[in-house]
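The values are calculated or read from the model by the stated rules, or taken from the named source; none is laboratory data. In this text, all values refer to a predicted model and were calculated from it rather than measured experimentally. Note: ideal-geometry Cβ built from the backbone for every residue, glycine included; neighbour counts use all protein chains shown. Areas reflect the complete protein model, heavy atoms only, side chains present, ligands, DNA and RNA absent. Shrake-Rupley method; radii C 1.70, N 1.55, O 1.52, S 1.80 Å.
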Amino acid sequence: MKINSQLNQIKENYSFHFGIALSDENLKKFAGITHVIMQGSTTRAKVLAQKLASEILNIDSTFFDPINIINSADFAVYRIGNVLSVSHGMGNTTIDTVLHTLTKILHYSGNNQIEYIRVGTSGGIGIKPGTVVISKQSFMPDLSPFYETNELDKLINIPTKFNQELVNKIYSAQPNNLPFDIIIGNSIAADDFYLGQCRYDGAMQCRENEEWRKEFFSKIRALDIYNFEMESSALAAFCHQAEIPATMIAVTLLNRLEGDQVTSTTEQLAEFSDHSQRVIINYIKSITN
Ligand code: R2B
Ligand code: URA
C-alpha cells in the first residue's frame, strides 16, 4: 500500500466521516485485515457479514448479529475474521471519501497488504439479468480509461485499470456449476443513474434519442463493456495510486437493451444480490481454507 507521505507530519485524532476516535483501542479493531469488501448499502454490508460469518467462521447466523465498528449515519463497517464488509454509499464522490477515510485508518492500524473489492449492482448491456461481471477495467462515460477529477481548478487523470491477477483469481475460485452466468469484462461508471446512463424514465428528459443511444451501446460492447454502475472509476483510480489490488464484482439487475426500469420483484433482487455475494464468498473461502 502506498500512502500520502505528508500524513507522517499530520496528527489526526478523530475520523470525521466514520465518527470514531483514532485511539489505540479503535485502531486495534482494524488491525490484521486482508480484504475489504465494499457494497453500496449498509443493509447489504450487514447481510454479507452474516453470510461470511456463517460460511467462513462457521458461526450459526441465527444467534449472531454483526457489530458495526464505526459510528456514522452514512456508512457501516463490519469485521468478520480478517475481512471488512463496508458500505460506500452511491457514486464516485461518496466512495472516494470512504476510500480515503478507511485507507488512512487501515494504514494507522499497521496494515499493508490488502485487497479491495466492490461487490455491487449494475445495469447490463446485452446480457441476461442476474449475470455477474468481474471488471478488468473501468471507463469514464466518454470512454476514456482515466478517472477525471479536479484538484480545485486542476483537472487530473488517473488510470482506471483493475488488478488482472485478482480478477483471474476470483474467476478461478468459482465452481463449474454456478447457477448463474459469470463473465470477465469492462464497466462504465456513470455520473448518475438517469441522464448519466441515458434513461428515458428520469424526471428530466435526455437530449439524445433512442437511435443514438443504440449506436452508443453497440460501440461500448466493442470495447468489451458489459455494464453501467456508478463507483468503479473512483475505486480503480484510488487503488491504482495506492497500489492496492482491486476489482469490482457486479451483478446486472436488468438488460438495458430491453428497458430502463428495474422491474424485478424484491425476491428477484435479493437473489441477484446473492449472486455477486456468492462470487466473493467463493473467493474468500478459496483463500482461507
Ligand atoms: C449501482 O446501483 C446504484 C444505483 O442504483 C449505484 O450505487 C451503483 O453503482
Ligand atoms: N445500478 C446502476 O447504476 N445502473 C443500473 O442500471 C442498475 C443498477
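Provide the gained length on full extension for the span MET90 to ASN58, in nm with one decimal, where the gain is 0.36 nm per separating residue minus the Cα-Cα distance.
Details: separation 32, 0.36 × 32 = 11.52 nm, distance 3.16 nm.
That pair, MET90 and ASN58, stretches by 8.4 nm at full extension.
What distance in nm separates the two pseudo spin-label positions at LYS28 and LYS2, each 7 Å out from Cα along the beta-carbon direction?
3.4 nm
Please determine, in degrees from 0 to 90 and to the nearest 10, the orientation of helix 42-56 with respect to the longest principal axis defined by the Cα atoms of the chain, where the helix direction is its Cα long axis.
70 degrees
Quick check: from the Cα gyration tensor, does the stretch 95-225 come out rounded (a/c under 1.5), prolate or oblate?
Values: a/c = 2.06, a/b = 1.19, b/c = 1.74.
Since a/c reaches 1.5 but b/c is at least a/b, the shape of the stretch 95-225 is classed as oblate.
Testing the spin-label approximation: label points 7 Å from Cα along Cα→Cβ at LYS11 and ALA222. State their distance in nm.
Computed distance between label sites LYS11 and ALA222 equals 5.9 nm.
Would you mind working out the accessible area per residue for the stretch 246-289, using a 1.4 Å probe, and quoting it in Å²?
Working: 1940 Å² over 44 residues.
Here the residues of the stretch 246-289 average 44 Å² of exposed surface.
List residues of the stretch 168-186, by number, whose backbone nitrogen lies under 17 Å from a label position 7 Å along Cα→C-beta of ASN82.
Output list for this probe position: 170.
Based on alpha-carbon atoms only, what is the radius of gyration of the chain relative to the globular estimate 2.2 N^0.38 Å?
On the way: Rg = 18.8 Å, N = 289, 2.2 N^0.38 = 18.9 Å.
Taking N as the residue count of the chain, the ratio is 0.99.
Which of the three applies to the stretch 40-150, rounded, prolate or oblate, going by the alpha-carbon gyration tensor with a ≥ b ≥ c and a/c under 1.5 meaning rounded?
On the way: a/c = 2.01, a/b = 1.33, b/c = 1.51.
It comes out oblate by the Cα gyration axes.
For the chain, which whole percent of the accessible surface, found with a 1.4 angstrom probe, sits on carbon and sulfur atoms?
Here it works out to 50 percent.
With the other protein chains left in place, how much accessible area per residue, in square angstrom, belongs to the stretch 70-169 at a 1.4 angstrom probe? Intermediate values should be presented prior to the final figure.
On the way: 4130 Å² over 100 residues.
So the stretch 70-169 comes to 41 Å² accessible per residue, rounded to a whole number.
Is the shape of the stretch 132-289 best called rounded, prolate or oblate, per the rule: a/c under 1.5 gives rounded, else a/b larger than b/c gives prolate, else oblate, with a ≥ b ≥ c the square roots of the Cα gyration tensor eigenvalues?
Details: a/c = 2.02, a/b = 1.17, b/c = 1.72.
Taking the square roots of the gyration eigenvalues as a ≥ b ≥ c, the stretch 132-289 is oblate.
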